[in-house]
Ligand SMILES: [Zn+2]
């Protein structure tokens, strides 16, 4: 029994190390996307904003401040509560729900998986939806997946 527990503990330890290595690979892989996100985050931080580090299913930085509020209210697709740019989540100071955060973290995971190809894949998914007579945003595969993630609580 003790051996079994020891083996299990070792397995979990290895799994954790693999997860950390996987997260790090995801961060590096999505760096071409996160860099523009950081370029947005810096002026938000400098203008009375704050940056919080999120740890959980995926590492991310949560950036909020008056400038983020202003930018999100003027998003080209309409006013947004938050948006993810690589591993950077830019959100409004007020009214950020855990549901919205889970949605954006799903986009962070997508960016970690697709890396620099993510914007292209996202646009292709919108084009695919349009070709099938559906809405580019609402029926985008990545948006559907992110909406599903809103309801789930990924394991820590
Ligand atoms: Zn979305």
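The values are calculated or read from the model by the stated rules, or taken from the named source; none is laboratory data. Fair warning: this is a prediction, and the values are worked out from it, not measured in the lab. Cβ placement follows ideal geometry from the backbone for every residue including glycine, while neighbour counts extend to all protein chains displayed.
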Study note, to complete from the structure: Only unsatisfied item for residue 3, checking (1) surrounded by fewer than 10 Cβ atoms within 10 Å (Cβ to Cβ); (2) outside any helix (DSSP H, G or I), is (2)
Exercise for review: Please specify each residue of the stretch 119-128 satisfying the condition of being at pLDDT 95 or above and touching a helix residue (DSSP H, G or I) at 6+ places or on another chain (Cβ under 8 Å).
Suggested key: 121, 122, 125, 128
Exercise for review: Give the stretch 44-57 a look and list any residue that's closer than 30 Å to residue 19 by Cα and without any contact (Cβ under 8 Å) to a residue 60 or more places away in the chain, or say none.
Suggested key: 45, 50, 51, 52, 53, 54, 55
Exercise for review: Using the structure shown, decide if residue 58 is closer than 21 Å to residue 151 by Cα, at pLDDT below 90, within 16 Å of the ligand (Cβ to nearest atom) and in contact with a helix residue (DSSP H, G or I) (Cβ under 9 Å, 6 or more places away or on another chain).
Suggested key: yes
**Study point:** Hits in the stretch 71-88 (condition: within 11 Å of the ligand (Cβ to nearest atom) and surrounded by fewer than 16 Cβ atoms within 10 Å (Cβ to Cβ))
**Key:** 77
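Could you tell me which of the residues 68, 91, 127, 112 is surrounded by 19 or more Cβ atoms within 10 Å (Cβ to Cβ), away from the ligand (no atom under 12 Å from the Cβ) and more than 14 Å from the chain's Cα centre (by Cα)?
Answer to the selection: 68.
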